[in-house]
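Quick notes on the structure that follows.
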There are 2 protein chains.
Amino acid sequence: MKNIGYLSVDVREGFWKAKQDMLKNTTIDAVYNRFSDTYRFDALKCKPTEQYVPHVFWDSDVAKWIEGACYVLAKENDPELLKKVEAAVDDIIANADENGYFNSHFLVVDQDKRFKIRDKHELYCAGHLIEAAIAHRDATGNDRFLKAMCKYADYIARVFKEEKSAAYITPGHPELELALVRLYIATGERRYYELAEYFVDEHGKYGENLIDATTQKYNQDDMPLRDRETIDGHCVRALYLYSAAADVAYMRNDKELADACKRVFDNLVNKRMYITGASGSTNIGEAYTVDYHLPNRTAYAETCASYALMLFGRRMFNIEQDSKYADAVERAFYNGFLSGVSLDGKAFFYENPLELDPEFNNVYHSTVRKERFPITQRKEVFGCSCCPPNVVRLLASLGDYMYSYNDEVLYVHQYADSAMEFEGMYVEQITEYPKNGNIKLKFDTNGRRLALRIPGWCRGFSIDCDYELVNGYAVISDNCGCVNVELQMPVTPIRANRRVHDNAGRIAFMRGPVVYCAEGVDNGRDVRNIRVDIRSEFEIKESEFLLPTLHTTAYQLPESDELYCVAEDNWTEAPLTLIPYYAFANRGESEMNV
Amino acid sequence: MKNIGYLSVDVREGFWKAKQDMLKNTTIDAVYNRFSDTYRFDALKCKPTEQYVPHVFWDSDVAKWIEGACYVLAKENDPELLKKVEAAVDDIIANADENGYFNSHFLVVDQDKRFKIRDKHELYCAGHLIEAAIAHRDATGNDRFLKAMCKYADYIARVFKEEKSAAYITPGHPELELALVRLYIATGERRYYELAEYFVDEHGKYGENLIDATTQKYNQDDMPLRDRETIDGHCVRALYLYSAAADVAYMRNDKELADACKRVFDNLVNKRMYITGASGSTNIGEAYTVDYHLPNRTAYAETCASYALMLFGRRMFNIEQDSKYADAVERAFYNGFLSGVSLDGKAFFYENPLELDPEFNNVYHSTVRKERFPITQRKEVFGCSCCPPNVVRLLASLGDYMYSYNDEVLYVHQYADSAMEFEGMYVEQITEYPKNGNIKLKFDTNGRRLALRIPGWCRGFSIDCDYELVNGYAVISDNCGCVNVELQMPVTPIRANRRVHDNAGRIAFMRGPVVYCAEGVDNGRDVRNIRVDIRSEFEIKESEFLLPTLHTTAYQLPESDELYCVAEDNWTEAPLTLIPYYAFANRGESEMNV
């Protein structure tokens, strides 16, 4: 099973195109400018200065921006953008040392601490540099950056795998592992795969990071990956690592490791994932907690964790051809990931809560301690700015998530108006999806059968030719060259499992893959108290948010001065407007509830 | 307006008697033994030792125990208990210095820091010692302890008010202020009232404690009390201080200060109080937060804050004869306060949440950081053990909360089977209240009119003689000598104000003054998801909890493996058992929801 990459896919119209245009016209420059303002690009020059101290994860921020920029450059000419990219690449290559080592923090600040402090993101930055170099080669055809990073990877292999001279065994913040697999695929050099394999296999064997059991769990150090039953610890670290583990399990046909990846994936999507595809139930350790603990107001739900679920899900499909993986990818993209960027493309959320009570966010703030709530408005830049460049690279590489193939079948995972051409295979999707569920596909599978994902959210669909449903995919019987799919997309009330106590008495509304929310700006105060009949009919209206808004009549309690009163059936009708969740917090500070 | 004290009231039967018997038979010894085990009594000897370092608030723990023990001793002979009390009193008197100063921490540990560190509970301990000394004099007739504490109080007046030689102006943890008012009443020495007045007036004028604005608010240092609009900062500190402020406002007829006390009280009971009468919405600073922010699972709701609300409410009645004050006292007592002690009288809660999810309490615990949830089971002793001895002194002095009088009216605030005799006034209450609402009162008011509180929770009542309703009290027209009151006590569904977003979609049930809850031990898993019709009829059954349990048919969702599914009307009938909230967590670890 292989993935067809973004290079072979052109997004042409509709929602995805609009988001890619936003990226090209705004986001890519917005992130560049903020990183530039905060010396992140200057730091690549590795010159000590009094203006700034390069932070341990700055290289990863810049690398991810380069990677995203290169995805854009691979598709279209943009000399200005290319210039920015090449300037950064020049600095990285120029300042790598004789071993190929590059890290703007450790080359300048902690010069004697190279490979000595596991928690300082050193190998994490290396992984992102490698990913950037692959994208750079693909965009420019020039492999100088890729070669430099190969040298760096070889150096890492020597220090960590051969000499074992580093002060730790595996990366503290995983990411390098999946980058090494990509480097193998990009170069054909198997040693990079073997290094990825080594890190994946060693991870969790030695209880590194012995501060306490929780800290071990935080870094997935508490047990070998193949023994894991649940998804635990720091969300993004976990999902990056399992993405690499899924690659390794697939590539060496390792059933035990594959089963562990399946268990972890299932635990996430069946017990620890928000309806938005976001995950991470506590800001303490940015971590998973326990099954069914999904608080809405204090959700951690980092944008990067939704991104990382997409990475993980895409890789899991190689192991098991089931639509649940692409379902998770789709859920995460349209909801928990897209909420991470403002509609104007300039500002970002790190945490994506499912409920905002701006008044409550101001409780008892102190310079010493404070109750931690997610912020209510997106920001242009963060000190810890991992999310914005993940927005850049994901939006530029959406094509990566659409197709997989083997000798027998070409799988269509995601729907968007687009054309794909790769090794004699061709698929053209003509659709307004996810505005509606009508998709016309013109295709030539080069002798394979075409398999169309029927999304998990879809309770009724039609396909105008014969097909067989296999693990959530409609496998078309004839290579007929054209098929029309209609995925019914009514507004649907969704209930959480009864064990999710935070959602007791609550329903959410979805339309297609898109989760909706109610904001105070449309619905007045006390949105949390609005009562909606699950049988409500909604009016669907075009909106400023690309996708429609939903309108119905709901119920609200009267305002009152009493704190507690006898409960009566005194609900009165109140109009309810729902907007796509990803569009929340774009019209000023407001209450919000999914 | 004056209060009639516990010395004039004999509780005879029923609920209150049972709780006082529990106190005498178990709690008073349990607290004594745990305090003894932890060297709190030894510390009174003020001998340096290697076994322990006397903590800054140990004296207050012991003083409160002495106070409670003396309330018991005032009513009945108990030579063993008296011996323990006298031993402690002997140590305190023997080790007070030539100025009358006594503090087992500052006399031994921080000898050069006397009156130099505002936040170390020094004057707080002094206040509790004074209260203990008053109780001791009243119980024994011997005033040696009281005299010693008067000397201490005079010393404090010299240092703080006359010489102003201390390093701070007002107590960091208020308590001394209300103790000084009591000392004035107990001795007739007006200078103690004047010192209380001084502290109350100075408090908040100077922005003491300048760490930051929050810390100022924490200690009520951010503004003079008379300017305050809302109740803020540390709950117990706030309520102790406002109790003294209410005394001062009443005693010098200070309308401005009285109005501030009213505003603060109203803000608490109308916007910041749990249905249980508990308050404090965050453990960070053990504090009030903002209006309508009343999270159930993470409620701070300290037992001492419910106790302190009773102190405050009792005093506010002197200022304004309105039943809302005794309503708050009753609500706090039967619910947020009584939940603080186990049914066997041996163990205590510090925090009294309105919802427990034991599984969720185990999320991401780390030795470094943890998500803070209230504990799920009561403990015999805490490091910070302010709550247990407050249980001791409150249960022993319940009579304090029953009656007030002036020349025209004798007010009956609380109902319990009891007899009161004071200055020619006599009231006998024959009742099973709060098991039911039938109360026969035989009375002689010595020329006054009798006023009976009609509780705020009561929606229907009858009185078998003429009366006039004035501010929530039924003022009996004739001094007829006997009256029968029937307060209807159906099970009542209660809804919170729609602005309490944490209670959206939720109702609570009360019967009379008692809040009910559902535990997992009776109702199975996922209590939080049980749905109850507000029109449900309940069967009321005798129970092991002194008050009845409530039984009806409710609804629950089916168990499922799916995390999210289409919401259907697939609720099935499920029996529901409710128990009094104060009885929760007495049958092992269990889910609980009010």
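Residue A:76 falls short on exactly one of the conditions (1) over 30 Å from residue A:253 (Cβ atoms); (2) surrounded by fewer than 19 Cβ atoms within 10 Å (Cβ to Cβ); (3) under 20 Å from the mean Cα position of the chain (by Cα), and that condition is (3). Please go through the range A:270-289 and pick out each residue that is in contact with a Ser or Thr (Cβ under 9 Å, 6 or more places away or on another chain), at pLDDT 95 or above and of a type in the set (A, V, I, L, M). Residues satisfying the conditions are A:273, A:278.
In this structure, is residue B:49 polar (S, T, N, Q) and touching a strand residue (DSSP E or B) at 6+ places or on another chain (Cβ under 7 Å)? Break it down stepwise before answering.
Numbers: polar (S, T, N, Q): yes; touching a strand residue (DSSP E or B) at 6+ places or on another chain (Cβ under 7 Å): no.
Here the answer is no, as residue B:49 does not meet what is asked.
Taking the range A:469-577 as the region of interest, the strands (runs of 3 or more DSSP E) fully inside it that hold 3 or more residues being within 12 Å of chain B (Cβ to nearest Cβ) are A:491-496, A:508-511, A:564-566. Within the range B:9-22, the set of residues being under 21 Å from the mean Cα position of the chain (by Cα), surrounded by fewer than 20 Cβ atoms within 10 Å (Cβ to Cβ) and either modelled with pLDDT under 95 or outside any helix (DSSP H, G or I) (or both) comprises B:10 only. Residues of the range B:124-144 that are free of Cβ contacts under 8 Å to residues at least 40 places away in the same chain and of a type in the set (S, T, N, Q): B:142 alone.
To keep it simple, each residue is scored yes or no on (1) outside any loop (DSSP other than H, G, I, E, B); (2) in contact with a Gly (Cβ under 9 Å, 6 or more places away or on another chain); (3) closer than 26 Å to residue B:8 by Cα.
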| position | (1), (2), (3) |
| --- | --- |
| B:127 | yes, no, yes |
| B:158 | yes, no, no |
| B:177 | yes, yes, yes |
| B:181 | yes, no, yes |
| B:186 | yes, no, yes |
| B:197 | yes, no, no |
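On the stretch given as the range B:516-557, residues that are under 21 Å from residue B:356 (Cα atoms) and either touching a helix residue (DSSP H, G or I) at 6+ places or on another chain (Cβ under 8 Å) or not hydrophobic (A, V, I, L, M, F, W, C) (or both) total 21. Just to be sure, is residue B:404 within 30 Å of residue B:32 (Cβ to Cβ), crowded, with 19+ Cβ neighbours inside 10 Å and hydroxyl-bearing (Ser, Thr, Tyr)? Considered against the rule, which asks whether it is within 30 Å of residue B:32 (Cβ to Cβ), crowded, with 19+ Cβ neighbours inside 10 Å and hydroxyl-bearing (Ser, Thr, Tyr), residue B:404 comes out as no.
Out of the residues in the range A:259-294 that are among the acidic types (Asp, Glu) and within 11 Å of chain B (Cβ to nearest Cβ), which is surrounded by the most Cβ atoms within 10 Å (Cβ to Cβ)?
Narrowing the range A:259-294 to residues among the acidic types (Asp, Glu): A:259, A:266, A:286, A:291.
Adding the requirement that they be within 11 Å of chain B (Cβ to nearest Cβ) leaves A:266, A:286, A:291.
On the way: A:266: 14, A:286: 21, A:291: 17.
For the range A:259-294, the residue satisfying everything is A:286.
In the range A:436-465, which residues are in a strand (DSSP E or B) and either touching a Pro at 6+ places or on another chain (Cβ under 7 Å) or over 30 Å from residue A:495 (Cα atoms) (or both)? Correct list: A:440, A:441, A:442, A:443, A:444, A:449, A:450. Of all the residues in the range B:295-317, those that are within 9 Å of another protein chain (Cβ to nearest Cβ) and either buried (at least 23 other Cβ atoms within 10 Å of the Cβ) or at positive phi (or both) number 1.
For the range B:39-67, a residue qualifies if it is among the polar types (S, T, N, Q) and at pLDDT below 95, and the qualifying residues are B:49, B:51.
Yes or no: residue B:382 among the hydrophobic types (A, V, I, L, M, F, W, C), within 14 Å of another protein chain (Cβ to nearest Cβ) and either in a helix (DSSP H, G or I) or under 28 Å from residue A:295 (Cβ atoms) (or both)?
Working: among the hydrophobic types (A, V, I, L, M, F, W, C): yes; within 14 Å of another protein chain (Cβ to nearest Cβ): no; either in a helix (DSSP H, G or I) or under 28 Å from residue A:295 (Cβ atoms) (or both): yes.
No; evaluated as a whole, the condition is false for this residue.
Among the residues of the range A:23-60, those identified as within 21 Å of the chain's Cα centre (by Cα) and either within 19 Å of residue A:94 (Cα to Cα) or in a loop (DSSP other than H, G, I, E, B) (or both) are A:57, A:58, A:59, A:60.
Suppose we filter B:148, B:157, B:167 for residues that are surrounded by fewer than 22 Cβ atoms within 10 Å (Cβ to Cβ) and modelled with pLDDT under 95; which single one remains?
Values: B:148 fails: modelled with pLDDT under 95; B:157 fails: modelled with pLDDT under 95.
Being surrounded by fewer than 22 Cβ atoms within 10 Å (Cβ to Cβ) and modelled with pLDDT under 95 holds for just one of B:148, B:157, B:167, which is B:167.
Over 26 Å from residue B:415 (Cα atoms), at pLDDT 95 or above, more than 13 Å from every other protein chain (Cβ to nearest Cβ) and touching a helix residue (DSSP H, G or I) at 6+ places or on another chain (Cβ under 9 Å): is that true of residue B:255 in this structure? Yes, satisfied. Against the numbered list (1) in contact with a Leu (Cβ under 8 Å, 6 or more places away or on another chain); (2) within 28 Å of residue A:491 (Cα to Cα); (3) in contact (Cβ under 8 Å) with a residue 24 or more places away in the chain, residue A:430 comes up short only at (3). Against the condition surrounded by fewer than 21 Cβ atoms within 10 Å (Cβ to Cβ), over 30 Å from residue B:111 (Cα atoms) and not aliphatic (A, V, I, L, M), how does residue B:42 come out, does it pass? Spelling it out, it is not the case that residue B:42 is surrounded by fewer than 21 Cβ atoms within 10 Å (Cβ to Cβ), over 30 Å from residue B:111 (Cα atoms) and not aliphatic (A, V, I, L, M).
Inclusion of residue A:345 among residues that are touching a Ser or Thr at 6+ places or on another chain (Cβ under 6 Å), assigned to a loop (DSSP other than H, G, I, E, B) and under 15 Å from residue A:584 (Cα atoms) is warranted.
Answer yes or no: is there a residue in the range B:98-120 that is at pLDDT 95 or above, charged (D, E, K, R) and closer than 21 Å to residue B:384 by Cβ. Yes, that holds for at least one residue.
The values are calculated or read from the model by the stated rules, or taken from the named source; none is laboratory data. Everything numeric here is computed off the predicted structure, so don't read it as measured data. A quick note on method: Cβ atoms are made from the backbone with ideal geometry, for glycine too, and the neighbour counts reach across all protein chains shown.
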